[in-house]
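I have placed the structure first, in the form of structure tokens, so that the comments after it can refer back to it.
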Amino acid sequence: MNECCNRDISYENPLYMAEDAGAADLIAGERLQLGVSRGSPEQVIEGYKYFGYQPGEGKTDADMGREHTEVLLKVLEGGGFAQPNPRPMFPNPPGLLRVEPHSPTLRDRIWWGAASDATAEWAAKLGMNLMSSTLKTDESGEPFHVQQAKQIRRFREAWAEAGHDHEPRVSVSRSIMPLIDDESRAYFGHEGKSRDQFGNIDSSRAVFGRTYAAEPDELVEQLRDDEGIAESDTVLVTVPNQLGVEYNTRLLESLVKDVAPALGWK
């Protein structure tokens with residue numbers, strides 16, 4: 001298993017999450033890639049309150065999400081913090097106790113899903129990897145891929161300033177649809193004219209990146225000009241899972257055979 005999942009941290013108990021993530025990572029041979037963020041716009045109003053959480057006085061749900069994240073990161077470092085029972089049911093190791101199970105390497109494989117440049121810089125200072133999706137806060141009116149590239153550069157600059165002892169990873173998400181047969185052209189041929197979309201989400205200005213839909217050789221040229229992809233080290237491809245396994249297998253095979261090699265992707 002080598003999974004990058006994205007959880008809305010506002011809904012999570014950071015200690016329970018550290019416990020579950022530690023167990024999953026050890027079972028997976030320390031290969032779990034765990035993404036956290038504030039999540040996408042909610043289906044319900046203040047959904048976190050139904051899970052028992054409320055922002056503190058004068059704070060927002062965004063503040064609460066970042067506070068939960070900082071607690072999670074601290075716990076994943078593995079330091080003891082809880083006083084042991086002097087009469088335990090089972091023997092305890094000496095000193096303060098930590099959350100178990102503990103994975104010693106998971107802390108370096110936590111990703112933050114950042115919509116804004118500011119939260120990307122915040123993630124870098126805390127030593128998290130960066131996930132930047134197809135949706136971003138509009139901070140300049142420029143094309144999506146240009147704004148995303150600037151976000152990534154600011155993330156890397158903040159990482160360098162923080163003085164971390166290892167290199168970060170950066171992923172971007174893209175909708176890429178190779179047009180390889182009549183079926184794919186019927187479904188996505190109209191997306192060949194796709195453009196970035198600008199609008200408002202939760203009172204904030206946002207930009208949603210275009211869908212890439214073209215013959216494989218055209219896709220190579222289009223993706224080569226994408227500045228966000230050029231600044232990243234990992235591309236997460238969103239697939240139309242409602243079209244089923246067979247269709248998506250053909251889609252991914254075309255990307256791997258017809259597109260990725262020409263771009264130097266591995």
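The values are calculated or read from the model by the stated rules, or taken from the named source; none is laboratory data. Owing to the predicted nature of the structure, the values given are computational and were not obtained by experimental measurement. All Cβ positions, glycine included, derive from the backbone under ideal geometry; neighbour counts span all protein chains shown. Accessible surface areas use protein heavy atoms only, side chains included; no ligands, DNA or RNA. Shrake-Rupley method; radii C 1.70, N 1.55, O 1.52, S 1.80 Å.
Could you give P(r) for the chain, binned at 10 Å from zero, as whole percent values over all Cα-Cα pairs?
Cα pair-distance distribution for the chain, in percent: 6, 25, 31, 24, 10, 3, 1, 0.
Is any residue of the range 148-192 close enough, with backbone N under 20 Å, to a label point placed 7 angstrom from the Cα of residue 250 along the Cα-Cβ axis, and if so, which?
Zone members listed by number: 175-192.
Per 0.36 nm of contour for each residue apart, how much would the distance between residue 26 and residue 51 grow if the chain were fully extended, relative to their Cα-Cα spacing?
Taking 0.36 nm per residue and subtracting the Cα distance, the gain is 6.3 nm.
Could you put 8, 165 in order of accessible surface area, largest first, with the 1.4 Å probe and the full protein assembly present?
Result, largest first: 165, 8.
Once R0 is set to 51 Å, what does the formula 1/(1 + (r/R0)^6) return for the Cβ-Cβ distance between residue 13 and residue 222, expressed as a FRET efficiency to the nearest 0.05?
Working from the Cβ atoms, E equals 0.75.
So, in nm, how far is label residue 60 from label residue 197 when the simple model puts each one 7 Å beyond its Cα toward the Cβ?
My value for the distance between the label points is 2.3 nm.
Answer with one residue from 110, 75, 35: the one whose Cα lies farthest towards the positive end of the charge dipole of the range 1-133, charges on Cβ with Lys, Arg +1 and Asp, Glu -1.
75
In vacuum, with every alpha carbon of the range 182-266 counted as one equal point scatterer, what does the Debye formula give for log10 I(q)/I(0) at q = 0.16, 0.23 Å⁻¹? Two decimals, please.
-0.75, -1.32
Once you place label points 7 Å from the Cα toward the Cβ at residue 105 and residue 70, how far apart are they in nm?
Using points 7 Å along Cα→Cβ, the separation is 3.0 nm.
Taking R0 as 41 Å, what's the FRET efficiency between residue 187 and residue 154 from their Cβ-Cβ distance, rounded to 0.05?
The calculated FRET efficiency here is 0.65.
Can you give the helix-only mean residue ellipticity at 222 nm for the chain, where every DSSP H stretch with n ≥ 4 adds -39500 (n - 2.57) and the sum goes over all residues, rounded to the nearest 500 deg cm²/dmol? Intermediate values should be presented prior to the final figure.
Values: 9 runs with 93 residues, N = 266.
Theoretical 222 nm ellipticity from helices: -10500 deg cm²/dmol.
Please report, in cubic angstrom per residue, the volume enclosed by the convex hull of the alpha-carbon atoms of the range 81-212.
Given the Cα convex hull of the range 81-212, per-residue volume reads 209 Å³.
Which helices count as membrane-span-like in the chain under these terms: full DSSP H, at least 15 Å along the axis by C-alpha, Kyte-Doolittle mean of -1.0 or more?
Span-like helices, by this rule, are 14-27, 61-76, 144-162.
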